[in-house]
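Below you'll find the structure, written out as structure tokens, and then a few comments.
The values are calculated or read from the model by the stated rules, or taken from the named source; none is laboratory data. None of these values were measured; they are calculated from a predicted model. Cβ coordinates were reconstructed from backbone atoms using ideal geometry, including for glycine residues, and neighbour counts include every protein chain displayed.
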Amino acid sequence: MHIVHTESSCGWGGQEIRVLEEAAGMLARGHRVTLLCPHEAPIYTEAAKRGVPAVALPIARKGLTGIGAMRAWLSGNRCDVLNSHSSTDSWLAALSLLGLRARPALVRTRHISAPIPDNIASRWLYQSATRQIVTTGERLREQLIRDNRFRPEAIVSVPTGIDLTRFVPGDRTQAKMSLHLDPAQACIGLVATMRSWKGHRYLVDAFAGMKPDNTRLLMVGDGPGRDNLREQVARLGLEQRVLMPGNQAEVTPWLQALDVFVLPSYANEGVPQALMQAMAVGVPVISTPVGSIEELVQHEATGLMVPPQDADALRAAIERLLNEPALGQRLAQAARARVHSRYSRERMLDSMEAIFRRLTA
């Protein structure tokens, strides 16, 4: 098959990583894959590093320019499946296919739980122009059926999968030493794009309320919320106890160095890859019942859950895991088993390949 992905986002995070992982996986399975994206988007540069063919088009914004460019490319390059990923490129893709003689099947992947407007235009896009909606979690699928009244048979959940040969447990002391961290310090942290709804500020507040003992907070990643977080850390006098190393090409050592992984999101989540990665590495996790996170983290079974935007509950959960290492070990072992059974990269590729083959049969 010739599979074409469109991505208008100029950000960088789990959604863009899934697009590239899926594209690279399909290439390895013998399919032809092309990515259409803005030249200025980070995914365009990352695609080249991963060997994914990418074509730069002016599709960062909705408008006639983007429709014309995408339509011209599709007219000259036949494909079997057109898989869109963000709102802008989904609209551009749907409109560019109107009247096209050889039209590929349009698949819309929904990565987050942000609500879709309940109006005629959205219903046309999702129920008429789109052949298949793919969500990254079952809760997201249920949300579209409940809130937008979309046809259940047109929506399928395919969780993102991770490379389980890459995210493996390691020696925590060695990982800390390799990152020039003090092995005697307990490290609490997360790997996530610094967007407001990821909840970093609540983690900082929770950490500030802990006794200034032998603990360190690591916040790996970058994004639009970075400066606000730096200001918060400075205001609370935590500069010596908080490390913000920015984006890291290889996050596995940072995950292996953590004693507790915390993802305090309060909106928009699907099934976060960073949470899966931490669980696969064998780190006990704390998160919130947002989006499809509860499909991954089961309270007291594979991790601890706290209410969103509640720094006090977050602090209590962190202190509990630090004070009860046997609990952390039990949760981490169960979490790793759950990820291995449900969230492998190959399982994701199998599911997406089956959808594409069915649509093109």
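The sole residue among Met244, Met276, Met210, Met177 that is of a type in the set (A, V, I, L, M, F, W, C), outside any loop (DSSP other than H, G, I, E, B) and under 19 Å from Leu321 (Cα atoms) is Met276. Against the numbered list (1) surrounded by 19 or more Cβ atoms within 10 Å (Cβ to Cβ); (2) at pLDDT below 95, Asn268 comes up short only at (1).
Does region 296-304 include one or more residues that are within 20 Å of Ser196 (Cβ to Cβ), assigned to a loop (DSSP other than H, G, I, E, B), of a type in the set (Val, Ile, Thr) and without any contact (Cβ under 8 Å) to a residue 60 or more places away in the chain? Before the answer, list the steps.
Looking only at region 296-304, we keep the residues that are within 20 Å of Ser196 (Cβ to Cβ), and these are none.
Among the residues of region 296-304, not one is within 20 Å of Ser196 (Cβ to Cβ), assigned to a loop (DSSP other than H, G, I, E, B), of a type in the set (Val, Ile, Thr) and without any contact (Cβ under 8 Å) to a residue 60 or more places away in the chain, which makes the answer no.
Does Pro169 fit the bill of being assigned to a loop (DSSP other than H, G, I, E, B) and closer than 30 Å to Arg336 by Cβ? So Pro169 fits the description; yes.
Within the group Thr109, Thr88, Thr130, which residue is among the β-branched types (Val, Ile, Thr), in contact with a His (Cβ under 6 Å, 6 or more places away or on another chain) and outside the structural domain of Gln256 (by TED's automatic domain parsing)? Give the derivation first.
Details: Thr88 fails: in contact with a His (Cβ under 6 Å, 6 or more places away or on another chain); Thr130 fails: in contact with a His (Cβ under 6 Å, 6 or more places away or on another chain).
Going through Thr109, Thr88, Thr130 in turn, the sole match is Thr109.
Listed here are the residues, each with its yes/no results for (1) buried (at least 22 other Cβ atoms within 10 Å of the Cβ); (2) of a type in the set (Gly, Ala, Ser).
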| residue | (1), (2) |
| --- | --- |
| Ala278 | yes, yes |
| Val285 | yes, no |
| Glu294 | no, no |
| Glu300 | no, no |
| Leu304 | yes, no |
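Checking Arg61, Arg50 one by one, the residue that is in the same structural domain as Pro38 (by TED's automatic domain parsing), among the basic types (Lys, Arg) and over 14 Å from Leu35 (Cα atoms) is Arg61 and no other.
Mind checking which residues of region 22-67 are in a loop (DSSP other than H, G, I, E, B) and out of contact with any helix residue (DSSP H, G or I) (no Cβ under 6 Å at 6 or more places or on another chain)?
Passing the criteria: Arg29, Gly30, His31, Pro38, His39, Glu40, Ala41, Gly51, Pro53, Ala60, Arg61, Gly63.
Of all residue pairs spaced 6 or more apart or on separate chains, those with beta-carbon atoms under 6 Å, a first member in region 10-39 that is farther than 18 Å from Asp80 by Cβ and a second member that is of a type in the set (S, T, N, Q) are Gly13/Thr193; Gly14/Gln273; Arg18/Thr160. Scanning region 211-226 for residues that are surrounded by 17 or more Cβ atoms within 10 Å (Cβ to Cβ), in contact with an Asp or Glu (Cβ under 9 Å, 6 or more places away or on another chain) and not β-branched (Val, Ile, Thr) returns a single hit, Arg216.
Take the residues in region 314-342 that are in contact with a strand residue (DSSP E or B) (Cβ under 8 Å, 6 or more places away or on another chain) and surrounded by fewer than 20 Cβ atoms within 10 Å (Cβ to Cβ), then tell me which one is nearest to Val283 (Cα to Cα). Once the filter is applied, the top-ranked residue is Leu322. Out of Gly99, Gly63, Gly51, one residue alone is modelled with pLDDT under 95 and on the phi > 0 side of the Ramachandran plot. It is Gly99.
Do we have any residue at all in region 250-259 that's assigned to a loop (DSSP other than H, G, I, E, B), touching a Leu at 6+ places or on another chain (Cβ under 6 Å), more than 20 Å from Arg330 (Cβ to Cβ) and in contact (Cβ under 8 Å) with a residue 24 or more places away in the chain?
Yes, there is a match, as at least one residue in region 250-259 is assigned to a loop (DSSP other than H, G, I, E, B), touching a Leu at 6+ places or on another chain (Cβ under 6 Å), more than 20 Å from Arg330 (Cβ to Cβ) and in contact (Cβ under 8 Å) with a residue 24 or more places away in the chain.
Please state which of the following conditions Leu57 fails to meet, knowing it meets all the rest: (1) crowded, with 17+ Cβ neighbours inside 10 Å; (2) closer than 28 Å to Val271 by Cα. The single condition Leu57 does not satisfy is (2).
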